[in-house]
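To start, the structure itself, in structure tokens.
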Amino acid sequence: MTDDADRLALLAQTAVRSAVSRELGQHVEYHPSIGSTQDRARELAPGPAIVVADEQTAGRGTKERRWLAP
């Protein structure tokens, strides 16, 4: 990415995080890549949290079924 693209991406992330936090009153985290958003949300428990990512490398579905979310 270029410096301008990096700045725009950061601005967009900050704006989304702020809007969601303001509307839902919850902790919001963004990760470009993370093993599992669910695992991270559990680390933040017991408080409410929203964890989003562009990519999950160790995501799990129902009954521990593995999947990737690029």
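The values are calculated or read from the model by the stated rules, or taken from the named source; none is laboratory data. The shown structure was predicted, so the numbers you read here are calculated from the model rather than taken from an experiment. Cβ coordinates were reconstructed from backbone atoms using ideal geometry, including for glycine residues, and neighbour counts include every protein chain displayed.
Scanning the stretch 17-38 turns up no residue that is of a type in the set (Lys, Arg) and either at pLDDT 85 or above or in a strand (DSSP E or B) (or both).
What residue, among those in the stretch 39-70 that are surrounded by fewer than 10 Cβ atoms within 10 Å (Cβ to Cβ) and part of a strand (DSSP E or B), is modelled with the highest pLDDT? Taking the candidates together, the pick is 66. Within the stretch 46-64, residues that are farther than 19 Å from residue 13 by Cα sit with their Cβ atoms under 6 Å from residues that are polar (S, T, N, Q) and at pLDDT 80 or above, at 6+ positions apart or across chains, in these pairs: 58/36; 59/36.
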